[in-house]
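Data block below; observations after.
The values are calculated or read from the model by the stated rules, or taken from the named source; none is laboratory data. All values reported here derive from a predicted model rather than from experimental measurement. Neighbour counts run over all protein chains shown; Cβ positions are idealised from the backbone, glycine included.
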Amino acid sequence: MTQYLNQIEPHGLVEAFIKEPPVGFTSFRTSCGTPGFSMNFDLLTTMQKNIKELLRPIQGLLFRPKAMFIGTTVTEYSIFPTGVDASLFINEVFSDFLKSHAQVLIVKDVPYRSPILSEDENYFSDALKDKLRAMGFTIVYGQVLAYVPIEAGTIDDYLKTFSKSRRKDLKRKLRSRELLSIELLHTGSSVFNDKLIDVLYGLYLNVYENSAVQFDKLTKSFFTMILKDESTDQSHSLQFLPAPGHSWSLGGIVFLYRYGERIIGFNLCFVYKNLFVDKYLGFLYPDSRRFNLYFVTWLKNIEYCIENNLKYYVAGCANPEVKALLGAQLTHSHHAVYFKNPLLRFIVGKLGYLFESDRYLVEKMRK
């Protein structure tokens, strides 16, 4: 089984992305085994909100270049096979890019001094960015990743880390949990029949269609592959680690939230190494808002981490403002961008900061 630098998700999730990529994506592997994809890229995706709104009326007329991405949308960071030579990797990828029809090459989600990665992984990422910068790539800030170090011994200890007013507000929101039933399922369980998958995929689409950033629309086939994963070794008690020798084993956890007989939400997560990685949410509107389901799922995940002695709760990149209010810390990543067109390369080099929406959001939050 290939071991990757920067990997905080099970191998099977990457395999599912390669086999069933998001709508409009074409997935591939580089010669050294690094996953990637290509698609027509909306340049407004990560642009600052005020500028994005200004350009929204003419969005359909804007340039949507064919883009080649190194990385995936199912891993928080770009992953690279352990022992890969950074210079050789870059040269091979760059050569493939120049031969392709793509107009822009983006090495996405390269870690920036990530506290949840090892020193060696952070060193490799810094060295990689230095080499890319020397080749003419523009390095821009990407999305911030939210994470919570699990230091509390109980959920009450966790709540005590908040101010009195915020703690009171959270407890008020969490009263709705008493009205809900919560069921924990494992991916690969026979309960995931086609009917249930249809329901869960519909809930996922609700969240996707209400998201401020709509980049990767996962397919029903992707979810089916994940939820029906039959190679999961469930003999690992509460840890659900990948089975030895099985590259496709996932060990995913699905929390189902019901009000009465109706499913109003789900949360698909993975335990990998000492991390609890929150990946996909699905909500039924307006019921989920009525029951403050986002806050309920957050506290349920924290509770699970505490009970199972996990080191970090990795909460993903969306909605960093809300996650920070819930106690998350934020860590940056970088994208390395290279246009074939020299004029566009020059423009992006000068105006790359316009695409760093999360960077300015975090700076605003810290003031």
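Summary table
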{"read-out": "Criterion violated by ALA324 - all others in (1) surrounded by fewer than 19 Cβ atoms within 10 Å (Cβ to Cβ); (2) within 19 Å of ASP109 (Cα to Cα) satisfied", "value": "(2)"}
{"read-out": "Residue match in segment 222-241 (condition: assigned by TED's automatic domain parsing to the domain that holds GLU303, within 25 Å of ASP42 (Cα to Cα) and modelled with pLDDT of 90 or more)", "value": "yes"}
{"read-out": "Failed condition for ASN308, given (1) modelled with pLDDT under 95; (2) surrounded by 20 or more Cβ atoms within 10 Å (Cβ to Cβ)", "value": "(2)"}
{"read-out": "Qualifying residue in segment 146-153 (condition: under 25 Å from the mean Cα position of the chain (by Cα) and surrounded by fewer than 17 Cβ atoms within 10 Å (Cβ to Cβ))", "value": "yes"}
{"read-out": "Condition check for TYR201: touching a helix residue (DSSP H, G or I) at 6+ places or on another chain (Cβ under 9 Å) and either farther than 19 Å from ARG262 by Cβ or surrounded by 14 or more Cβ atoms within 10 Å (Cβ to Cβ) (or both)", "value": "yes"}
{"read-out": "In segment 97-125, residue surrounded by the most Cβ atoms within 10 Å (Cβ to Cβ) [restricted to those that are more than 16 Å from the chain's Cα centre (by Cα) and either without any contact (Cβ under 8 Å) to a residue 12 or more places away in the chain or at positive phi (or both)]", "value": "ASN122"}
{"read-out": "Sole residue being of a type in the set (Lys, Arg), in contact with a Leu (Cβ under 6 Å, 6 or more places away or on another chain) and under 30 Å from VAL93 (Cβ atoms), chosen from LYS350, LYS279, LYS340", "value": "LYS279"}
{"read-out": "Candidate set: segment 114-165, residues that are out of contact with any strand residue (DSSP E or B) (no Cβ under 6 Å at 6 or more places or on another chain) and among the acidic types (Asp, Glu); chosen: the one farthest from TYR313 (Cα to Cα)", "value": "ASP130"}
{"read-out": "Within segment 163-173, considering residues that are farther than 14 Å from ARG290 by Cβ and touching a residue at least 40 places away in the same chain (Cβ under 8 Å), the one surrounded by the fewest Cβ atoms within 10 Å (Cβ to Cβ)", "value": "ARG166"}
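Yes or no, residue by residue, for (1) under 30 Å from ALA336 (Cα atoms); (2) at pLDDT below 90; (3) not assigned by TED's automatic domain parsing to the domain that holds LYS300:
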site	(1), (2), (3)
ILE116	yes, no, yes
ALA134	yes, no, yes
LYS195	no, no, no
PHE215	yes, yes, no
LEU218	yes, no, no
